Amino acid sequence: MASGFSQAVAALSIGTCFYRAGMPKRVWIAGILCSVLPDIDVVGFHFGIRYGDFWGHRGFTHSLLFAAILAWLVAIVGLWRTSPATSILWIWTYLFLATASHGFLDAMTDGGLGVAFFSPFNNDRYFFPWRPIRVSPIGVSRFFSARGLEVLQSELLWIWLPSALLAALAWTWQRRPAGAAPG
Ligand SMILES: [Zn+2]
């Protein structure tokens, strides 16, 4: 896992790309919750589920299908048509990307098993070829250690910084003068 803090930062930064006037804050909170929820699978360790299993860590809950279903459930339950510029589909797209970002970030970490992006159709585990993020220890207590500091440093560089840049770009784009022509 990337740490929950960094996951939240990534979800918020994706959220800035989807910002529309009249969107309530709970949409962003839902995005953060969706982005950390895939790690609910660590509970399975206590029940003897092995890392590489279907329900194991980075298994089905880290798949694209799970992201699609979770986003759909949350969008429907929230019935979020929040302003004329936003539809359920708009909100779904945000929540889907927020959830899926979790698997993408995990696939860029340097430890553990890969991510079952295509579960349940294909349960193979995948990493991206480029994995600069130090894997975060599972559990909060172990996070506050020397190892945790190292993880935080790599996440600041590879998650927080790109997230801030993305948010700044989205913010600038949204605030461009109305009717401005490109070029
Ligand atoms: Zn994870």
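Listing for the model above:
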read-out	value
Some residue of the stretch 126-149 being open to solvent by 30 Å² or more (accessible area, probe 1.4 Å), modelled with pLDDT under 95, in contact with a Pro (Cβ under 8 Å, 6 or more places away or on another chain) and in a helix (DSSP H, G or I)	yes
Which listed residue, of VAL27, VAL74, is among the β-branched types (Val, Ile, Thr), in contact with a strand residue (DSSP E or B) (Cβ under 9 Å, 6 or more places away or on another chain) and either in a loop (DSSP other than H, G, I, E, B) or away from the ligand (no atom under 14 Å from the Cβ) (or both)	VAL27
Residue that is surrounded by 13 or more Cβ atoms within 10 Å (Cβ to Cβ), at pLDDT 95 or above and in a loop (DSSP other than H, G, I, E, B), where the choices are PHE104, PHE118	PHE118
Test result for GLY48, modelled with pLDDT of 90 or more and at positive phi	yes
Which numbered condition GLY78 fails, given (1) open to solvent by 40 Å² or more (accessible area, probe 1.4 Å); (2) over 27 Å from ALA164 (Cα atoms)	(1)
Test: TYR19 is within 13 Å of the ligand (Cβ to nearest atom), assigned to a loop (DSSP other than H, G, I, E, B) and surrounded by 14 or more Cβ atoms within 10 Å (Cβ to Cβ)	no
Scan of the stretch 88-101 for residues that are open to solvent by less than 40 Å² (accessible area, probe 1.4 Å) and of a type in the set (Ser, Thr, Tyr), ordered by number	TYR94, THR99, SER101
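Rundown of residues vs (1) within 16 Å of the ligand (Cβ to nearest atom); (2) not in a loop (DSSP other than H, G, I, E, B), yes/no style:
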{"position": "MET23", "(1), (2)": "no, no"}
{"position": "LEU37", "(1), (2)": "yes, yes"}
{"position": "VAL42", "(1), (2)": "yes, yes"}
{"position": "HIS57", "(1), (2)": "yes, no"}
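The values are calculated or read from the model by the stated rules, or taken from the named source; none is laboratory data. Bear in mind that the values here come from a model prediction, so they are computed numbers and not experimental data. Reconstructed Cβ throughout: ideal geometry from the backbone, glycine too, with neighbour counts over all protein chains shown. Calculation scope for accessible area: heavy atoms of the full protein, side chains included, ligands and nucleic acids excluded. Shrake-Rupley method; radii C 1.70, N 1.55, O 1.52, S 1.80 Å.
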